[in-house]
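Input: a single structure, listed below in structure tokens.
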Amino acid sequence: MFVARHIAADHKDLIHDVSFDFHGRRMATCSSDQSVKVWDKSESGDWHCTASWKTHSGSVWRVTWAHPEFGQVLASCSFDRTAAVWEEIVGESNDKLRGQSHWVKRTTLVDSRTSVTDVKFAPKHMGLMLATCSADGIVRIYEAPDVMNLSQWSLQHEISCKLSCSCISWNPSSSRAHSPMIAVGSDDSSPNAMAKVQIFEYSENTRKYAKAETLMTVTDPVHDIAFAPNLGRSFHILAVATKDVRIFTLKPVRKELTSSGGPTKFEIHIVAQFDNHNSQVWRVSWNITGTVLASSGDDGCVRLWKANYMDNWKCTGILKGNGSPVNGNSQQGNSNPSLGSNIPNLQNSLNGSSSGRYFFPPLDSPRAGSRWSSYAQLLPPPPLIEQSCDADTASRQYPHPRRRSLSRPLNPLPENEGV
Amino acid sequence: AMEKMSRVTTALGGSALTGRTMHCHLDAPANAISVCRDAAQVVVAGRSIFKIYAIEDEQFVEKLNLRVGRKPSLNLSCADVVWHQMDENLLATAATNGVVVTWNLGRPSRNKQDQLFTEHKRTVNKVCFHPTEAHVLLSGSQDGFMKCFDLRRKDSVSTFSGEAPEAGRADGEVLWVCHRPPDVFPESTKKVGLEVSTPPSRPPRLGRRQACDSSPQSLQGLPPWLLSLLEPLTFSPHGPPPAGQSESVRDVQFSIRDYFTFASTFENGNVQLWDIRRPDRCERMFTAHNGPVFCCDWHPEDRGWLATGGRDKMVKVWDMTTHRAKEVHCVQTIASVARVKWRPECRHHLATCSMMVDHNIYVWDVRRPFVPAAMFEEHRDVTTGIAWRHPHDPSFLLSGSKDSTLCQHLFRDASQPVERANPEGLCYGLFGDLAFAAKESLVATESGRKPYAGDRRHPIFFKRKLDPAEPFVGLASSALSVFEIEPGSGSMSWFVDTAERYALAGRPLAELCDHNAKVARELGRNQVAQTWTMLRIIYCSPGLASATSLNHSVGKGSSCGVPLMNSFNLKDMAPGLGSETRLDRSKGDTRSDTVLLDSSATLITNEDNEETEGSDVPADYLLGDVEGEEEELYLLDPEHAHPEEPEYVLPQEAFPLRHEIVDTPPGPEHLQDKADSPHVSGSEADAASLAPVDSSFSLISIPHALYDTRLPPDFFSALVCDMLRFYAEQGDVQMAVSVLIVLGERVRKDIDEQTQEHWYASYIDLLQRFCLWNVSNQVVKLSTSRAISCLNQASTTLHVNCSHCKRPMSSRGWVCDRCHRCASMCAVCHHVVKGLFVWCQGCSHGGHLQHIMKWLEGSSHCPAGCGHLCEYS
């Protein structure tokens, strides 16, 4: 169950990205208003803006934190064709007295001739590296050879993707068995269908990144892409936000079976594909164990996806951005008086007018084809019954009036197994 | 790629514009373009080009080349061109050599040149016709002068100097100017250009305005009512230009609504407003930009709105109707602004292009100053000239560029960065919190949803039409929320609790398993609890209990590099024995790996284990497959299965005392020997004991006949390893690592080093995310992977000063070499600190953590009395 805490962001235009730091205590937002804001979580759990500054002369598309081992470091990228690295300055200053921290620009990366659409720091074990991608289809990988000197970055690699790039994701695996790998998504919307997700892998032999795989099935514009935290898995999980949410697994084919020297070959499976947003999907984000995927779409909802032990992915929650709870029926645009009237009471119990409460869908007595009966399957006892993954479709068949009144809060995952 | 196949017909009263996005190649780079008032012709001018093109539906057609004559004159090197909006035959060009030329297309000869004005000393940057007067032409030049020409005369009618009136003033001075009409002033000050300099203590200095007969006065001498009318004129940050040197004029534009007014912009950031009848002084002047102001444009409808663009990458919209020029909008572009043009029929739209770096043309809604409403990306080099094709048509934009092309852009073919911009941000937090930022219109109503039908930016299906009449919905803004997960329901608090409460070493295996099972059960993680219980059953079944009680060397054993030696205490062994055993053990490992590849469930049991020691008795027991998936049963002959067996007889001789360990019951002792002695680890056909298996023990199915047989734990190692992998693949690397540590050598050999290292690294990373530094360090210490255990070996040196003599301490510990006193005395209780010692980096004094914390709650001074203001953070 979730409680929504609304934050008056006070950005003057759209917010394009939010990013938690390594420890989850700080948050950065960036906006078209050319600024980045840093938010710190207080003891009481409130988020306070501790810095807000103009970072670019165009929309800031992405903001991302470096591993804290390198200091309090942020990178941002913008429509103004640059990416920038920022560091928080410690020490006494007037800013500090006002509860504000001071961030200074350490470097500006100006190699792109077009809008820089994404920037991501490489996994820590690779050192202080970052990758950018731009609308002209070039992925650039920079390295700060001296981690103490954030103002010197050298351009190590330029990878041409041929298509306008919108997003990148590093493979976070620290295993020696996995070469550095980066997935690139394209939002190119030209009608000639081309695969929009490419995966590049670093080769120790050639010291270059080479294309390892192309996800041929993704032909619609891709807006976000995310490798799941690896956490000791032998394979990789990749989420793609396109016209729907897709989850792929990439199992490295054993090296000895492939021709030596070339890039790793992968056995790629699409393990989930959901069009429940019924619209463009803009963002995907993994929880830290890589077991729950959150996606957000043009429907303004956040949906949570989780696999059971048979790798069967299901929707386990829907969160509406404006604080109203979502149940199965509101999907069809029906009003839901009985549930709606419950909400104020719950809010009162929270003593917070700005708080909304979110419910996972009620667990009704399992009924074949009923929307939430699939949750029972998250528990171990086999055999597993294959069911339609489309929860919306299922609920459409059962607009059961009685279920609306059943709004008792429910934890859909009675156990935290493998969460 | 530039050709986009869309066509637009726009009704404009009687006439209609048709056409498509198209371009044509020019012979040379363009510097400027201008459109004929019929909207059917465009003139392109540059250093070596001066041509008129007809704009047809499908293409540009060259109509006239105005560069005639055998040797091109410098007069033809054009910096600017303008087509009169009243007279279709009248053009004017500004030459780079300072000449202003007019052209009459009605002339019968090939040479259409009409008049030549050679009054400017340097490049003329801009020429401008009066919007309604047929004969009035204005020019602005690099030499700092603006000239007004009456085309019926041979010379200029008047010259306006851009020389700043404040020339010679020092920085920080403020010029007070009053812009009220003269009639509000009493007789004594009845002058338009009243100005006074401050500070009043200094004698007022005036620039060239002294020519006017307004008498300078100090502010103090002025009546209060007059003071209220004055406005300060701030100075350019660049400071005033040297006296007498004029600032270069970058743009001149006649006001569309005010007959006598024109605006001029300067390289020093100033904008001046002039009355053409008064060349002696400007009506008003203000600093509009930081750095050169390259361009300005009067709003076609809003009287008094002037847009200016500068090198500071900004476009500012000024309301000139108020008594002080007021900035009403400010657009931030990504590069210096070279041209700005209001879009016809769209009150808040303007087009800009840049003179450096950026080749695109942007159309902005000034109310949304950060994101361009539309973008034209056709040009490959700097765009030098832009012009809307018709003063009442918002759809057609023409542009010339240094890339030697002339383009017609259709607004509907523009790319829209707004549409491409991602309206949402989403990030998963550590504990399962979600930060979500979304465009307010998406989350506010259900109507925000758009059904998906192909890409919504796709021009055919979903392209939002840029409708000039479309009402502006206000600035787009996003709602930011953090969805905080409540403890329990999928929160990661279980991870923290588990990490903190698990016991990984220092106790017998059975106890560790029991403890961890209990922890897991208390946290509601039943499957994990069950797993721990199973592990206990497997590795420390009741029959094995006493033997496994010796197991506490899990961590110890590994740390001293000797594999598990359950039946022996290291100190009981001969010094050489340990290493010998290790050697043997490593051989056993190699072999066990190869065996495991053959069959994951190779196991034969023998109840009568005492006699089968040495593995020379064939075993013929049947055992159900542990995976429970296949019904196959294995019948294995150990001698065939392991032909290299004799090789492993040798290690047993390293255990001469084996049978003299007497106290333990035979069965367990035997099993434990098996577990220890290298050759058993290879799953060979030794007998082993298996504890009675609980029937609820569902993961493995064992035939009833075997209930009271005894299986060696190695029988399960493949299964346990699979289980660990399962947990890792499920994202619970905590379980994988915890079991790995607790079981130690029992399973380690069956999992390749790389995987173990990967698990350790992943788990440590997770622990550090949650700031579980102590657990993380414990895991590092307990790990056997070299790459991991070196993690806490780096940067372990602390340099400390002696708290008495303040000199650096040597590495001798806590006794100072010089003053021979113990440096680790608590400044509060004066006892030697054992355990956590905290000290001030400023004065080197410190003590027990608790004492110092308590002291500093009440005092900010050092407890040692040294007077230092210590800070505890």
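Of note:
- Segments classed as helices (runs of 4 or more DSSP H), wholly inside the stretch B:758-873, with at least 3 members that are not assigned by the TED database to the domain that holds B:Tyr502: B:849-858
- Boolean, A:Lys41 is in contact with a Lys or Arg (Cβ under 6 Å, 6 or more places away or on another chain) and more than 27 Å from A:Glu143 (Cβ to Cβ): yes
- Checking A:Ser189, A:Ser173 one by one, the residue that is surrounded by 22 or more Cβ atoms within 10 Å (Cβ to Cβ) and assigned to a loop (DSSP other than H, G, I, E, B) is A:Ser173 and no other.
- Strands (runs of 3 or more DSSP E) (entirely within the stretch B:21-96) containing at least 1 residues that are outside the structural domain of B:Pro391 (by the TED database), over 16 Å from B:Asp114 (Cα atoms) and β-branched (Val, Ile, Thr): B:32-35, B:41-46, B:49-55, B:60-65
- Complete set of residues in the stretch A:271-301 that are surrounded by fewer than 24 Cβ atoms within 10 Å (Cβ to Cβ) and more than 8 Å from chain B (Cβ to nearest Cβ): A:Val271, A:Ala272, A:Gln273, A:Phe274, A:Asn276
- All conditions in (1) more than 20 Å from the chain's Cα centre (by Cα); (2) within 12 Å of chain B (Cβ to nearest Cβ); (3) assigned to a strand (DSSP E or B); (4) of a type outside the set (Ser, Thr, Tyr) hold for A:His178, with the sole exception of (3).
- When B:Phe411, B:Phe436, B:Phe431, B:Phe396 are screened for being in contact (Cβ under 8 Å) with a residue 40 or more places away in the chain and surrounded by fewer than 21 Cβ atoms within 10 Å (Cβ to Cβ), only B:Phe431 passes.
- For the stretch B:757-782, a residue qualifies if it is among the small types (Gly, Ala, Ser) and under 14 Å from A:Ser174 (Cβ atoms), and the qualifying residues are B:Ala761, B:Ser762.
- Segments classed as strands (runs of 3 or more DSSP E), wholly inside the stretch B:364-442, with at least 2 members that are facing chain A (nearest Cβ under 8 Å): B:424-428, B:434-439
- One residue from B:Leu76, B:Leu105 being buried (at least 18 other Cβ atoms within 10 Å of the Cβ) and under 21 Å from B:Ala28 (Cα atoms): B:Leu76
- Taken together, the criteria place A:Met148 among residues that are closer than 22 Å to A:Asp21 by Cα, part of a loop (DSSP other than H, G, I, E, B) and within 14 Å of chain B (Cβ to nearest Cβ).
- Here the condition is being over 22 Å from the mean Cα position of the chain (by Cα) and free of Cβ contacts under 8 Å to residues at least 40 places away in the same chain; of A:Lys41, A:Lys54, it holds for A:Lys54 alone.
- Index of the failed condition, A:Glu201 passing every other in (1) in contact with a Ser or Thr (Cβ under 6 Å, 6 or more places away or on another chain); (2) within 30 Å of A:Ile89 (Cβ to Cβ); (3) more than 14 Å from every other protein chain (Cβ to nearest Cβ): (2)
- Number of positions in the stretch A:1-21 that are touching a Phe, Trp or Tyr at 6+ places or on another chain (Cβ under 9 Å) and more than 7 Å from chain B (Cβ to nearest Cβ): 1
- Residue check, B:Arg525 at pLDDT 50 or above and either more than 19 Å from B:Val720 (Cβ to Cβ) or surrounded by fewer than 17 Cβ atoms within 10 Å (Cβ to Cβ) (or both): no
- Unique residue being over 26 Å from B:Arg420 (Cα atoms), of a type in the set (Lys, Arg) and more than 7 Å from chain B (Cβ to nearest Cβ) when the list is A:Lys37, A:Lys41: A:Lys41
The values are calculated or read from the model by the stated rules, or taken from the named source; none is laboratory data. Bear in mind the structure is a predicted one, so any value in this text is a computation, not a measurement. Positions of Cβ are generated from backbone atoms using ideal geometry, with glycine treated the same way; all protein chains shown enter the neighbour counts.
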